[in-house]
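A.B. asks: This is the structure I want to talk about, given as structure tokens.
The values are calculated or read from the model by the stated rules, or taken from the named source; none is laboratory data. This is a predicted model, so every value here is computed, not measured. As a convention, Cβ positions derive from the backbone with ideal geometry for all residues, glycine included, and neighbour counts pool all protein chains shown. Ligands, DNA and RNA are excluded from the accessible area calculation, which covers all protein heavy atoms including side chains. Shrake-Rupley method; radii C 1.70, N 1.55, O 1.52, S 1.80 Å.
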Amino acid sequence: MGWMASFSGLVLFSTDSVFGQNTAFYVKGAIGPAFTENTSLREFPVIGPLSGVKVKFDPGIQFRFAAGYQITDWLATELESGVTYNNIKSITAADQADGSLANVPILANLVVQCPRSHRFVPYLGGGLGGSTAILRAHDLVLNGVVLSGAQSDAVFAYHGFAGIRYNINDRMGVSIAYRYFGTTAPAWDADVEGGGTGKTRFGDNKTHSVTAAFTFNF
């Protein structure tokens, strides 16, 4: 019985050691649903400043990809980008609300995790950076003013996330994570149909998502 216990311990040690042999660099890709909270429509071309007007979004999708470096067993840093996309569901008192909002961020992350030598690795982190907020208006009609076309604005962006990863082997892993992503209020210069200019301004953007990811260690 003693030799069986010794053998079991050796196998367990060997398995843990394999997961610790991967190098410091890794890449990660993730996808999942994106649920963007209601925001406010603060300004509309020709009409000007507004109050009490809400913008609602349909559930959308989020793609993420990151390149990271494992500083220690517990700490990693990443550079991350991707796309978060939601169609506009409705705008209070709008005659028509056919459009979408997309965000394309670039974020610098710090990630804290249990040592990678374990098969299951819980982690959490956050990041700061900027995002290109893209409003695509197919037909946004408010008080007879028709907005169409695509505009973009650069805004401050941030996020926090937590999840758990399963190490398939020393190079590959799969994970699931919750993410909270936000930006400051975007504003877009716009030309309206029939003449007239002005700004379209939303309130802050706040999105919740659950993403499944694949990680490859070099």
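A.B. asks: Touching a residue at least 24 places away in the same chain (Cβ under 8 Å), among the β-branched types (Val, Ile, Thr) and surrounded by fewer than 16 Cβ atoms within 10 Å (Cβ to Cβ), is that true of Thr183?
C.D. replies: It is false that Thr183 is touching a residue at least 24 places away in the same chain (Cβ under 8 Å), among the β-branched types (Val, Ile, Thr) and surrounded by fewer than 16 Cβ atoms within 10 Å (Cβ to Cβ).
A.B. asks: For the condition of a type in the set (A, V, I, L, M), under 23 Å from Thr92 (Cα atoms), within 26 Å of the chain's Cα centre (by Cα) and part of a strand (DSSP E or B), what is the one hit in Ala154, Ala133, Ala185?
C.D. replies: Residue meeting the stated conditions: Ala133.
A.B. asks: Okay, moving on. So, in the stretch 13-47, of the ones that are modelled with pLDDT under 95 and among the hydrophobic types (A, V, I, L, M, F, W, C), which residue ends up surrounded by the most Cβ atoms within 10 Å (Cβ to Cβ)?
C.D. replies: If we take residues in the stretch 13-47 being modelled with pLDDT under 95 and among the hydrophobic types (A, V, I, L, M, F, W, C), then Phe44 is surrounded by the most Cβ atoms within 10 Å (Cβ to Cβ).
A.B. asks: Now for a separate question. In the stretch 122-149, how many residues are more than 30 Å from Val111 (Cβ to Cβ), surrounded by 16 or more Cβ atoms within 10 Å (Cβ to Cβ) and not small (Gly, Ala, Ser)?
C.D. replies: 8
A.B. asks: Something else: Report yes if some residue within the stretch 62-83 is of a type in the set (Lys, Arg), surrounded by 15 or more Cβ atoms within 10 Å (Cβ to Cβ), touching a residue at least 24 places away in the same chain (Cβ under 8 Å) and not in a loop (DSSP other than H, G, I, E, B); otherwise report no. Steps first, answer last, please.
C.D. replies: Going through the stretch 62-83, the residues of a type in the set (Lys, Arg) turn out to be 64.
After this cut, where a residue has to be surrounded by 15 or more Cβ atoms within 10 Å (Cβ to Cβ) as well, the list is 64.
Remaining after also requiring touching a residue at least 24 places away in the same chain (Cβ under 8 Å): 64.
Narrowing further to those that are not in a loop (DSSP other than H, G, I, E, B): 64.
Checked against the condition, which is being of a type in the set (Lys, Arg), surrounded by 15 or more Cβ atoms within 10 Å (Cβ to Cβ), touching a residue at least 24 places away in the same chain (Cβ under 8 Å) and not in a loop (DSSP other than H, G, I, E, B), the stretch 62-83 yields at least one hit.
A.B. asks: Would you be able to tell me the number of residues in the stretch 48-61 that are of a type outside the set (Gly, Ala, Ser), open to solvent by less than 70 Å² (accessible area, probe 1.4 Å) and in a strand (DSSP E or B)?
C.D. replies: Qualifying residue count for the region: 3.
A.B. asks: Moving on to the next point. Taking the criterion of being modelled with pLDDT of 90 or more, open to solvent by 60 Å² or more (accessible area, probe 1.4 Å), among the aliphatic types (A, V, I, L, M) and outside any loop (DSSP other than H, G, I, E, B), would at least one residue in the stretch 4-12 satisfy it?
C.D. replies: Looking for residues that are modelled with pLDDT of 90 or more, open to solvent by 60 Å² or more (accessible area, probe 1.4 Å), among the aliphatic types (A, V, I, L, M) and outside any loop (DSSP other than H, G, I, E, B), one finds none in the stretch 4-12, hence no.
A.B. asks: Could you list, in sequence order, the residues of the stretch 92-114 that are among the hydrophobic types (A, V, I, L, M, F, W, C) and at pLDDT 95 or above?
C.D. replies: The initial filter retains those residues of the stretch 92-114 that are among the hydrophobic types (A, V, I, L, M, F, W, C), namely 93-94, 97, 101-102, 104, 106-108, 110-112, 114.
Scanning the stretch 92-114 gives Leu101, Ala102, Val104, Ile106, Leu107, Ala108, Leu110, Val111, Val112.
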